[in-house]
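One structure is given below, encoded as structure tokens.
Bear in mind these aren't lab numbers, they're just calculated from the coordinates by the rules spelled out. Bear in mind the structure is a predicted one, so any value in this text is a computation, not a measurement. Cβ sites come from the backbone with ideal geometry, for glycine too, and all protein chains shown count toward neighbours.
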Amino acid sequence: MSEIKTISETKEIIQDNLEYTLFSWSKQKGIAPIAVKYGEGVYLYDYDGKRYLDFSSGLMNVNIGHGNQRVTEAVARQMQEVSYITPNCVTKVRGELGKKLASITPKGLNKTLFTVGGAEAIENAVKLARMYTGRHKILCRYQSYHGASYGAMSAGGDPRKLPADAQQAPNFVHFDIPYKYRWEYGEENLLKESVAQLERVIAFEGPSNIAAILLEGESGSSGCLKYPVGYLKKVREICDLHGILFIADEVMSGFGRTGKWFGIENHDVVPDMIATAKGITSGYIPLGALIVSDKIAERYNDNVLWLGLTYSAHPVSCAAGVEVLKIYEDDDLISNAAAMGKYIDEQVEKLKQKHPSIGDWRNTGLLGCLELVKNRKTKEPMAPFNAKPDEMVVMNKVAARLRELGMYTFVRWSYIFIAPPLCITKEQVDEGLAMISDAVSIADKAP
Ligand SMILES: Cc1ncc(COP(=O)(O)O)c(C=O)c1O
């Protein structure tokens, strides 16, 4: 590792970034990004040598952890041979990655269209669903995120889309699934009501106009909001009844994040398409994938597949993907995710006893989220959905304390995300939870 820079050089690095680059989802003034020099495993290091425990795996994508040189070498090897070919030509790594994906996806999903990232996987899933069925509507959940491109943003229900509301892409229809934590009428009724609501929306919209239902395999940035038990199975049945396709968005919940290869496996359901990205290369190089059922693939044996991208099946990205998938297996990362997820569940139970502000904990494998509340009885959140800056005072203090203690993770509204790299150890979990416990004490004392 090259020498650590002095504080003034660090200031210059940050200054150049602030002056000449734009930052996502943020006011441009008053931000203080961490200047990251390098990463190793679950840690990031800034130019001054400060260490940060990455408790969100970047954007829940660096599943194998940072700085794995096996990926660097695989990428370099590919670049020494060829860095780019058109999607009409093929490379060894493209075929290898496609074959490997077919072996880990649920049965009957065997063919992949490679994209550049998650949003493009979703865009292509939506287009293909419309072409395949000849129908136009896509049903999606309000509390979901599917990417920031035009169609994907319209498909999601995340409030980040509201400033561009007038430009929504047409024919995305949203439905709600009641919020389990605040549902007062029992788990069985929650399932019944959720299914009944979806059935009503389908009836109102006309089943024969609906191409697909699009849902995250496990909910992510909306707050890891769990589906009622049995819900996705019912969705599958409803889809089959009406000839609607089921698209699973596995961009965040794929590649071991939930303790299984894909989040949807936790629900024992096989979708018609999987749109994925993030963990496929663990973020080392951008890559997305749309994996389709044999039935859908067969249609295009004799019909033109009207989909394409300059960077589809980019050789360097595919080389990274092949190596990253080997690392999941060689390092047994998916069982570690399941084991560490259970360990975190146990430890969070103890934290709950200590901290009255912890209202809820929702987790699958290593895709988890704490929800802080002002009062456990009323369940009033510490910051509301889509909180305004003046409603974030307490949560901002919690976030600032986490950063001061040396943690990088997402604090969004009343949520603190816990989604570390799959290579995390018990000791590192303990280190992170101790920081969270310290920071949450601020919320405990909030009026
Ligand atoms: C569930 C889900 N779908 C799609 C996306 C979009 O992926 P990308 O940012 O790679 O376009 C994200 C990104 O966070 C996501 O969490």
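Here is how the numbers come out for the structure above:
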quantity	calculated
Net +/- balance of residues flanking residue 65 in space, Cβ distance below 10 Å, scoring K and R +1, D and E -1	-3
Qualifying aspartates and glutamates (Cα of each under 17 Å from Cα of residue 180; at least 8 residues distant if same chain)	188, 193, 216, 218, 360, 371, 380
Contour excess over end-to-end distance, with Cα ends at residue 193 and residue 27 and 0.36 nm allotted per residue	55.8 nm
Cysteines without a disulfide-compatible neighbour (Cβ-Cβ under 4.7 Å), the chain	89, 140, 239, 318, 423
Cβ crowding within 10 Å averaged over residues, with 166-177, 435-446 ranked highest first	435-446, 166-177
Simple Cβ-charge dipole of the chain, Lys/Arg +1 and Asp/Glu -1, about Cα centre, in debye nearest 20	660 debye
Ranked by how many other beta carbons lie within 10 Å on average, peptides 248-257, 121-130 from highest	248-257, 121-130
Using a Förster distance of 30 Å, the FRET efficiency for residue 430-residue 179 (Cβ separation, nearest 0.05)	0.45
Relative contact order (percent, whole number), the chain, Cα cutoff 8 Å, 6+ residue spacing	20 percent
Charge sum, other residues only, whose C-beta stays under 14 Å from residue 431's C-beta, Lys/Arg counted +1 and Asp/Glu -1	-2
Most mobile of 115, 86, 276 in a GNM of the chain (Cα contacts under 10 Å)	86
Protection proxy ranking, peptides 37-48, 315-326, 260-271, average beta carbon neighbours within 10 Å, highest first	315-326, 260-271, 37-48
Cross-link pairs beyond the 24 Å C-alpha cut-off, checked among 50/354; 161/379; 260/426	50/354; 161/379
Lysines whose Cα lies under 24 Å from that of residue 92, excluding same-chain neighbours fewer than 8 positions away	100, 107, 111, 278, 326
Centre separation in Å (Cα based) which lies between the range 391-447 and the range 235-272	30 Å
11 Å beta-carbon shell around residue 411, net charge (K/R +1, D/E -1)	+4
Span from the the range 165-204 Cα centroid across to the the range 313-359 one, whole angstrom	29 Å
Expected 222 nm ellipticity per residue - DSSP helices of 4 or more, -39500 (n - 2.57), all of the chain, to 500	-12500 deg cm²/dmol
